[in-house]
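Note sheet for the following structure.
The values are calculated or read from the model by the stated rules, or taken from the named source; none is laboratory data. The structure displayed is predicted, hence computed values, not measured ones. All Cβ positions, glycine included, derive from the backbone under ideal geometry; neighbour counts span all protein chains shown. Ligands, DNA and RNA are stripped out before the accessible areas are found, and what is left, the full protein with its side chains, is counted by its heavy atoms. Shrake-Rupley method; radii C 1.70, N 1.55, O 1.52, S 1.80 Å.
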Amino acid sequence: MSVASVRTQPFAGQRPGTSGLRKKVTVFQQPHYLENFVQALFDILPSQVGEFSGATLVLGGDGRFHNRVAVQTILRMAAANGWGRVLVGQGGWLSTPAASAVIRRHRAFGGIILSASHNPGGPDGDFGIKYNIGNGGPAPEKITEAIYARSQTIDVYRSLDGVADLDLSQPGRFELEGMAVEVIDPVADYAELMESLFDFDAMRAWFAAGHRMRFDAMSAICGPYARAILEGQLGAPAGTVVNGEPLEDFGGHHPDPNPAHAQELMAAMAAADAPDFGAASDGDADRNMVLGRDFVVTPSDSLAVMAAHATLVPGYRAGLAGIARSMPTSCAADAVARALGIECHETPTGWKFFGNLLDAGRATLCGEESYGTGSSHVREKDGLWAVLFWLNLQAATGQSVEQLVRAHWTRFGRHYYSRHDWEGIPTDRADALMAELRGRLPSLVGQTLDGLHLAQADDFAYTDPVDGSLSSRQGVRLLIDGGARVVFRLSGTGTEGATLRVYLERYEAEPARHNLPVQQVLAPLIALADQVAGIRRHGGLDAPAVIT
């Protein structure tokens, strides 16, 4: 065993997006590609964060194809670069929220998470890597930009030579060139944290009373966590968790918990003998979808309902310090914050923007419209945590999912909401669309188009209230009289071409109008979006690929 310095050359395009570096598996399989990025990370940490020699690193991923190979590569590189200890999930597994929990509980210097989240897996699928800092949250932009800058000049990386792969199949301890490698149970720390937050006794009683649930793990990493907690600790019948075995290709699923991709669950919840409660999680277990019997809860409404009832959950009995939501997420949570007399922060998309607010005690619950919800318990969104929150609410109130949401609409009004994804647009065309739209903004303000008066049109910018950092060009907003909005944003989570996301929201206070078809209510906004941005003209597409 010896430390080797391996000559290399930079790869173009290793700039992390909103959730790390994501590319096709075949890109990561190129010689030196992963190693360059990891070495760039290790090179910049001393100047950006602090000296890590002898410190603890957490490592794990969602088990997708290439995860096992990447874990072994990173272990050898960590030892060669002077880390003191690595906590790695058994089998190389750690869900993203569990990794955050492990970083925080063990006071690690940081962690490397291997995941492309909700993106497809397998040899022809996607792979990803990101770094989380010592608070358990995603690295802020100053770190990700430093990694990128270093990746463009790197000429050597350090690794161990002549080292066989470690057996990570069982908990245990190894040593690599003076670095301790501890293989840990990937579920234990997370499950203990969940038990400290929720009323497990009430939830056991809910199942014991004959209520039924269906949790679709989509053949991804959340399966072992859901089985251990729902079936193991809460007494849900065996089989409550379906598609619970993590597979490298997710069993062919697109592991994105939304009505378009969780069709098996949607069908089960619409059947005559549907369970009381349905839920799903994604590839790395940080997203969630919540369903009642033939009833879909939007992520925006989910955040708002959770916030309104938070004191029914033991971990939040003292109340909320504040709520934070991403800018494209509907304003439903804002209404709850006003009623509670607490702050509601509107941030750019990307969980990293919530970290400062959580650390400073300015927010307790956070949410994004892309099926992500979380709280101050970790610094990531957390799919199973959100499902347990809804389960706790049902056990505490005796109400169904649909009853909880409809009562919420009656009190606060309904924010009709939808997201249209225009996928696979050539990057140059997508950039041209956004550039043309930004150029038109000054002329749009004050116009009335097809009966819709544009009160404001801007390119969203965010000044962090904690550290004063500025994030600009975060999405174009059209704000319309009466509480309607259209938002345009290019996604940072894809791996090919560009995805234009169009977010549509319309507020309705009148209860008699709370049961209309969503796309019908939003039809004028859909037409306005295409008229203003020229989506079909620029994108060369006839319709969005996904509507949620």
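Among 446-457, 143-154, how do they line up from the highest to the lowest mean number of other beta-carbon atoms within 10 Å?
Output ranking for 446-457, 143-154: 143-154, 446-457.
Using the heavy atoms of the protein chains alone and a 1.4 angstrom probe, what is the accessible area of the chain per residue in square angstrom?
36 Å²
Give me the percent of accessible area attributable to carbon and sulfur for the chain, probe 1.4 angstrom.
For the chain, the apolar C and S fraction of the accessible surface comes to 48 percent.
Under 19 Å Cα-Cα from K381, which lysines qualify once same-chain neighbours fewer than 8 residues away are excluded?
Output for K381: K130, K352.
Sort 274-281, 424-431 by the packing proxy (mean of other Cβ within 10 Å over each peptide's residues), most packed first.
Highest to lowest by the protection proxy: 274-281, 424-431.
If you put +1 on each Lys and Arg Cβ and -1 on each Asp and Glu Cβ, how big is the dipole of the range 449-512 around its Cα centre, in Debye rounded to 20?
That gives a dipole near 180 debye.
Can you list residues whose amide H is under 5 Å from A180's amide H, if they're 5+ apart or on another chain and H is modeled 1.01 Å from N?
Amide H neighbours of A180, under 5 Å, 5+ apart: R85, V86.
Would you work out the charge dipole size for the range 93-161 about its Cα centre, treating the Cβ of every Lys and Arg as +1 and the Cβ of every Asp and Glu as -1, and quote it to the nearest 20 debye?
With Lys and Arg at +1 and Asp and Glu at -1, about 460 debye.
For the range 481-548, which GluC sites (Glu not before Pro) are in a loop by DSSP, counting at most 14 other Cβ atoms within 10 Å?
E496
Taking the dipole about the Cα centre of the chain, with the C-beta of Lys and Arg at +1 and of Asp and Glu at -1, give me whichever of P171, H415, A461 is farthest to the positive side.
Farthest towards the positive pole: A461.
Using +1 at the Cβ of each Lys and Arg and -1 at the Cβ of each Asp and Glu in the range 208-355, identify which of A260, G322, A285 lies farthest towards the dipole's positive end.
Highest projection toward the positive end goes to G322.
With +1 on each Lys and Arg Cβ and -1 on each Asp and Glu Cβ, and nothing else charged, work out how big the dipole of the chain is about its Cα centre, in Debye to the nearest 20.
Charge dipole of the chain: 760 debye, to the nearest 20.
How long are the three semi-axes of the equivalent ellipsoid for the range 160-252, computed from the Cα gyration tensor as the root of 5 times each eigenvalue, in whole Å, largest first?
34, 18, 8
So what is the calculated 222 nm ellipticity per residue for the chain, using -39500 (n - 2.57) for each DSSP H run with n of 4 or more, over all residues, to the nearest 500 deg cm²/dmol?
-9500 deg cm²/dmol
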